[in-house]
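Just so you know, all these numbers are worked out from the coordinates, no wet-lab data involved. The structure displayed is predicted, hence computed values, not measured ones. Heads up, the Cβs are rebuilt from the backbone with ideal geometry, glycines too, and the neighbour counts pull from every protein chain shown.
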Amino acid sequence: MTQIIIKNKSEIEGMRKACQLAARTLGEAAKLLRPGLSTQQIDDFVHQYTLAAGARPAPLNYHGFPKSVCTSVNEVICHGIPGPRVLQNGDIINIDVTSVLHGWHGDVSATFLVGEVSDAARALVKTTRESLMLGIRQVKPSARIGDIAAAIQEFVEARGYSVVRDFVGHGLGRQFHEPPQVPHYGRRGSGARLKTGMTFTIEPMVNEGVWQLEILKDGWTAVTADGKLSAQFEHTILVTPTGCEVLTAFEEPLVNSVSIDDEGLRIVDAT
Ligand code: MF3
Ligand code: CO
Ligand code: CO
């Protein structure tokens with residue numbers, strides 16, 4: 001296990017730019033969402049937008065991943081492969097964008113509500129979003145990775161949901177995935193101590209039912225073992241002397257069909 005890389009000032013500036021591009025790409029992709037859109041159309045957009053910005057989509061060919069973005073609908077936990085699947089009224093979809101700009105990685109995802117979504121789906125997405133925010137609030141120098149994990153797990157399980165174990169947040173920089181691993185379940189006071197200049201993601205995946213998953217025959221798509229819903233939100237974080245900076249914070253897309261409700265959820269009109 002190698003050391004956690006501390007980024008210097010100019011490296012942080014590189015991270016900031018890559019993260020802002022990833023966030024902007026996600027916000028723009030969200031504006032396309034509507035029933036009838038295929039996940040392939042999201043991929044086409046993210047691919048073109050990324051190249052036009054002078055960047056590269058990190059997922060494409062990453063360990064053989066065939067597309068430029070991950071699109072995970074309903075029971076898909078993560079690593080959904082864009083294709084012919086068409087969004088339906090009532091779906092939830094996570095779009096996970098990772099951009100590489102001048103060699104630096106920015107990684108961000110959010111789950112969106114398509115049209116009229118069930119109260120159960122809405123509640124799951126809301127809890128998942130809040131669990132990320134709660135995790136982010138634990139980040140400061142001398143806190144530990146386990147403090148983030150425990151805060152998220154306690155919050156999620158208190159609401160009757162489960163936290164996915166098989167996938168974790170991760171350090172990133174020149175590499176897509178580097179130390180540390182950032183689990184979303186665990187004990188307070190455990191794990192590596194955070195230091196100013198570390199950059200990593202927090203990206204809780206929260207299931208309506210059991211935490212167990214299956215991988216489809218495509219070798220990528222992770223689905224809930226019980227077929228129930230799963231949601232995810234992700235930000236790339238920089239540890240600062242006073243706490244942290246959310247490098248992938250973005251302007252909420254308020255135009256076209258996407259709006260934000262009072263619970264902070266991003267909604268795409270059915271019409
Ligand atoms: N963006 C995902 C993450 O948050 C990783 C996707 S790997 C891919 O870590 F190959 F599926 F793109
Ligand atoms: Co990530
Ligand atoms: Co991601």
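Compute from the Cα atoms of the stretch 46-125 the Rg and the Dmax, the latter being the longest Cα-Cα distance, and quote both in angstrom.
Cα only, the stretch 46-125: 14.0, 42 Å (Rg, Dmax).
Going by how many other Cβ atoms sit within 10 Å of their own, how do D262, D147, D107 line up, fewest first?
D262, D147, D107
Determine, for M133, M198, the number of other Cβ atoms within 10 Å of each Cβ, and report the residues in order from fewest to most.
On the way: M133 15, M198 24.
With the sparsest Cβ surroundings first, the list reads M133, M198.
Need one number: the % of Cα-Cα pairs in the stretch 132-191 sitting beyond the 17 Å mark.
37
When all C-alpha to C-alpha distances in the chain are sorted into bins of 10 Å, what percent of pairs does each bin hold, rounded to whole numbers?
Bin by bin from 0 Å, the calculated values are 7, 32, 38, 20, 2, 0.
Multiply the residue separation of D218 and N89 by 0.36 nm, subtract the distance between their alpha-carbon atoms, and state the gained length in nm to one decimal. Show your work: numbers first, answer last.
On the way: separation 129, 0.36 × 129 = 46.44 nm, distance 2.58 nm.
Answer, rounded to one decimal: 43.9 nm.
Rounded to two decimals, what is the ratio between the C-alpha radius of gyration of the stretch 88-223 and 2.2 N^0.38 Å?
1.09
With a Förster radius of 41 Å, plug the Cβ-Cβ distance of L51 and I6 into 1/(1 + (r/R0)^6) and report the FRET value to the nearest 0.05.
The formula returns an efficiency of 0.85 here.
Determine the relative contact order of the chain: mean sequence separation of Cα pairs under 8 Å and six or more apart, normalised by residue count, in whole percent. Each step should come with its number before you reach the end.
On the way: 708 pairs, mean separation 65.5, N = 271.
Value for the chain: 24 percent.
Against the 2.2 N^0.38 Å scaling, with N counting residues, where does the stretch 179-218 land? I'd like the Cα-based Rg ratio to two decimal places.
Cα-based Rg divided by the globular estimate yields 1.58.
Arrange the following residues from fewest to most other Cβ atoms within 10 Å of their Cβ: V239, V97, V86.
By the 10 Å Cβ count, ascending: V86, V239, V97.
Cα centroids of the stretch 120-159 and the stretch 21-89: how far apart, whole angstrom?
Cα centroid of the stretch 120-159 versus Cα centroid of the stretch 21-89: 25 Å apart.
I'd like the Karplus ³J(HN,Hα) series for the stretch 174-183: coefficients 6.51, -1.76, 1.60, θ = phi - 60°, whole numbers in Hz, and an x wherever there's a Gly or Pro.
Residue by residue, the stretch 174-183 yields 5, 9, 5, 10, 9, x, x, 7, 10, x Hz.
Using only the alpha-carbon atoms, what does the stretch 87-156 span along each of its principal axes? Please give whole angstrom values in decreasing order.
44, 37, 12
Two decimals, Cα atoms only, Kirkwood Rh: what is Rg/Rh over the stretch 21-154?
Working: Rg = 15.8 Å, Rh = 15.9 Å.
Reported Rg/Rh, Kirkwood definition of Rh: 1.00.
Roughly how many nanometres apart are two label points built 7 Å out from the Cα toward the Cβ at D262 and H63?
4.3
If I histogram all Cα-Cα distances within the stretch 145-271 using bins 5 Å wide from 0, what percent of pairs lands in each bin?
In order of increasing distance, the bins hold 2, 10, 15, 18, 18, 17, 13, 5, 1, 0 percent.
Lys and Arg at +1, Asp and Glu at -1: add these up for the other residues within a Cβ distance under 11 Å of A58 and post the number.
On the way: positive: R56; negative: D96, D107.
Once positives and negatives cancel, what remains is -1.
Determine the equivalent ellipsoid of the stretch 165-238 by diagonalising the alpha-carbon gyration tensor, then write out the semi-axes as square roots of 5 times the eigenvalues, largest first, rounded to whole Å. Mind showing how you got there, number by number?
Values: eigenvalues 132, 45, 21 Å².
Computed over the stretch 165-238, the values are 26, 15, 10 Å.
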